[in-house]
1. What distance in nm separates the simple spin-label points at Phe88 and Leu348, each placed 7 Å from Cα in the Cβ direction?
2. Need one number: nm distance between label points at Ile242 and Leu316, each 7 Å from Cα along Cα→Cβ, rounded to one decimal.
3. Run the numbers on region 268-423 and let me know its relative contact order in percent, using alpha-carbon pairs under 8 Å that are six or more apart.
4. What FRET efficiency would be calculated for the residue pair Gln24, Leu109, taking the C-beta separation as r and a Förster radius of 25 Å, to the nearest 0.05?
5. For region 162-259, give the percent of accessible area contributed by carbon and sulfur heavy atoms, probe 1.4 Å, rounded to a whole number.
6. Could you check how much of the accessible area of region 268-423 is carbon and sulfur, as a whole percent, using a 1.4 Å probe?
7. Tell me, how many Å apart are the Cα centres for region 21-50 and for region 336-410?
8. Go through Lys18/Lys181; Lys206/Lys278; Lys408/Lys911; Lys740/Lys911; Lys436/Lys522; Lys218/Lys306 and tell me which ones have a Cα-Cα distance over 18 Å in this structure.
Amino acid sequence: MDQILRGIASSDHVESVKKSLIQQLVSKLNGNVPEDQNRSIFEIGTEWMIDENSQFLNETGRLLLTTWAKRQKDVFQKYFTESFLLSFLAERENLSVSFVDYLRTSLDLVQHTPQIFSMYTVIRHRAHIWAEKNLNTDFCAAVARLLIEYNHCWPVGENLLQFNLSLIRALSKTELPKTSKEEMTACIQNGAVIGALLNKMWTKNKPLLFPVLTEIFKIISKVGDSPSVALASVVQYFSTDIIDSATNLAASNPSVSEESLAHSLTRMIKWLSWPGAKKVDQWIIGFLKALASNQKHSILISVTIKEVSQVFSRLLFPVVRGSTMVVLSHMLLSFQHSPQAFHEIVVLVPSLVQTLKKEDSVSSQATLQTLAELMHCLMYQHTGFPELYGPVVDCLQDLPKPSEGMIKKWLAQSAWSAQAVNIPLPGFAPKSETGKTGLANLGNTCYMNSVLQALYMLDEFRFMIFSHHGDHNQPVIHHLQQVFAFLSLTQRSAFAPSKFLQVARPPWFAPGTQQDCSEFLKFLLDRLSEEEKSQNNSNDEGSPRRSLVEETFTGKLMVCLCCRRCNNTSCREEVFTDLPLAFPQTGELEGRMVSDQLGELPSDDKQPVEHDEKPVTSTVSSDRSLKGGDITHNVSAAGLAQKTVEDSDAVAPSSSHSSTSVESSMPFSAGSSVSSKCREAGVRADAPHISLTEMLEYFFEPEILEGSNQYHCEHCHSLQDAERTVSISNASEFLVLTLKRFAYNVKTQQRSKILQSVSYPMVLKLPRIHLKGVDDKIEREARNSVPDVNDNKNDDIVSYSCFKSKRTKQEHDSVVVDSSSSDTSLSSNEETFTADIVYALCSVIVHSGTSSESGHYYCYARSSAHLMRREGDKSSSSRSDDQDTWYLFNDSRVSYSAFNSFADVSRRFPKDTPYVLVYKRVSSFRATIIPVENSGDSAQDNLVSGEIRQELADIVDRDNLLYLQERERQVMNTAKRKAWSNFYQPPDDDDDDPSKGPPGSCGGGPGFTTPFNRFVF
């Protein structure tokens, strides 16, 4: 018989034919079969079933034994006994999967016989040893299948615990096949079988849970090679309460190092790649929350930044997409102190959206909607990166956008980072490709960072700061010099200006809260001027010198009051460092433009313009001094909608003007829509765009003082109606224009932001009223010397002049001077004339948000050195593109930009609006500011390095050396951890390490508040 069976098995027939022949042969063995044939069939069947190399022999042996044993039950029971099994095990040190399958088949054949219980005992005492000696997943899965069918074979007592731990270790060592889909499916099934057995054991033996969880945590926290993600097949069987308890216990255990916790979290996140695993997202989110509640922020930051891209990439796989999206959302929404984690994946969003749309399945559609909501939340939270977010907005434009209320709710639910004011950012980020240095956010200090970067890019001002020789009694100037030196020479990607903040922060600015960058800029300039004047006074050198602020930012306005009864005019000069430009109120700009249009008609066609109320030029002076004006009034669009071709070509396109939306381009009235708009956090979002020059016209437009606001005329000795005019008598070298966007609504008692879009030109011309004693040379330069400040890319942007005179020449010549007035007066025989003063745009500070008390500031700027043209310098007008490069400064992030890209930023991001604009006077810049030897093509390079004093350079050099040492120390620590995988190297907790800067973004988003503070850090 044995020869016949072996002959069939070794024949050339196909495997199915061989199996059929053997089955037919054995089936015909009826009645009394000789002992030697039975013995041969049993031995051959056993031999074939335990063969480790041939699946065909395994299957044929099973077929042979089962077919024969069903007909010869007594004979099979005679051979398969406890003594046979013990001797069989004694002969084999290492068991195989085929042996376990043979054992399982044999137990099936001896069911309901007295000897079955002795078999159970043999297996019960040895199963834990089998698993411990062979930590192969296939073998352990075979044992698990055996014990699932025969729970009487379960180990007991301590052996049961050891068996559980062995199965956990086996799963952690599982190697996932990467080539065969069938092998991968078998691997997943093996994990599921082991998990199912463990779940049965834990259900009946609750005390097993704690030691098993301890073993799992020990495996995933161990330094060294990462354990297999197959562990995800068992963690799904723990209840939610156990998950919360286990993660909290691990995170709060003082004996567990931060490195172990970081490894644990990283490896939990990798579980997401195990197909079909459940509750993995609960484990990860539970651990994230536990670490946050225990103030383990450095772990959360480092792991999130390291793993978020991998998590995002798993959205491509439908089988793990659901749990992955849950984890990704929590990781990004909770990472609110910095945009770094979001920026790790934001560039990947368009390609993923395209893939999901192409897939067009139920899963992909659900993921697209959730992804769109998540992206809008994150762009709301981490505002100020329009060029980075533009492609994301484009690819999500056909998907629904969540409301602002829902966004705030989601952010508030996930904000672990709100609890940490000073969260260190790990590692050493590479310096920007621009070569520029960023400024670390010290907790809602984006208002300061934007101002510092804007001032730094004013090369003439920076040169004067470096050239100043002061002492430590001038702390603001001293630390500003250090900030500029670090921005010029440091090797770090971002510098933390913490010492400057301490001395330059206004006393009423609460630390950690968002503030007004315009207010900070004015305070800073005042402090600089005061410190320099105090030094000049102490030196007592005779005639007082002008301070560097007076040389650069200070100008003078001539404010004149003309009595409408006697035409007596009294004037006085007012010093300014910036011009606050209010938005026109209802009807004012419309009335002026209507009258201008009538002035262009033939005299026969002119018709009087009747008004039921006061004349449109009547404006109370105090109204314009309000921050942003009265927002309960909306500017009428009747005049603004009628833009000339010159206006639209001369300035940057605005959001509403450039939009193709019919709704946004239609004018609106100040009727019923006003009350509803006043309830919003931002108002006038749908108002037609207004140009910067129109706002300047409104600023200089004559005002009629009448009624309760009459002027006391010293000539008439009584209150009289008067006309108040403002003009520039001494133009500043740098013109700072602040758009008064923030207003207080008296009706709603709320602060609001005027979201009306404003377009601004690259080149701005202002009229200049010359008084007696002004340098004629500068005037001639203002008339005749207009440098080329636009490159070839901006030839279509045409400069133009502001202001239309409201008074005729005859009225002006009839001015009567009150010689007794103490104010500076204009005499009728003094020469007064107007000339253009040309300014070129240097920087734009943008506010993103809907309130002055929240949001984010960032700055666009370019070098101002090449914009200057001195007399006789013929080469200054020709320059390379590199000299006219625009940069985007957003706290620690610096990137390239272009005027054409950021000029219409409000079109895509309506809450990102220009707030402070800095223009440089190019028609006649004082030659004393930049020395002749620093001029020409190398002017910018000299301004960057040549004028920095050695003592400042030494400070930066010492920090650069420290920075290199820190990097070397980090590399060495990393190498040690890899070499001694079982040794814990404590992290460097040097609080004075400037490389571990504070948070990198204001966070909080527009109008977002938390119970911890008004802003999220």
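1. Label-label distance for Phe88 and Leu348, simple model: 5.1 nm.
2. 3.5 nm
3. 27 percent
4. 0.80
5. 55 percent
6. Taking all protein chains in place, region 268-423 shows 54 percent carbon and sulfur surface.
7. 68 Å
8. Violating the 18 Å limit, Cα to Cα: Lys18/Lys181; Lys206/Lys278; Lys436/Lys522; Lys218/Lys306.
The values are calculated or read from the model by the stated rules, or taken from the named source; none is laboratory data. Keep in mind it's a predicted model, so treat the numbers as computed, not measured. In this analysis, Cβ positions are derived from the backbone assuming ideal geometry, glycine residues included, and neighbour counts consider all displayed protein chains. For the accessible areas, the whole protein counts, side chains as well, though only heavy atoms, and no ligand, DNA or RNA atoms are used. Shrake-Rupley method; radii C 1.70, N 1.55, O 1.52, S 1.80 Å.
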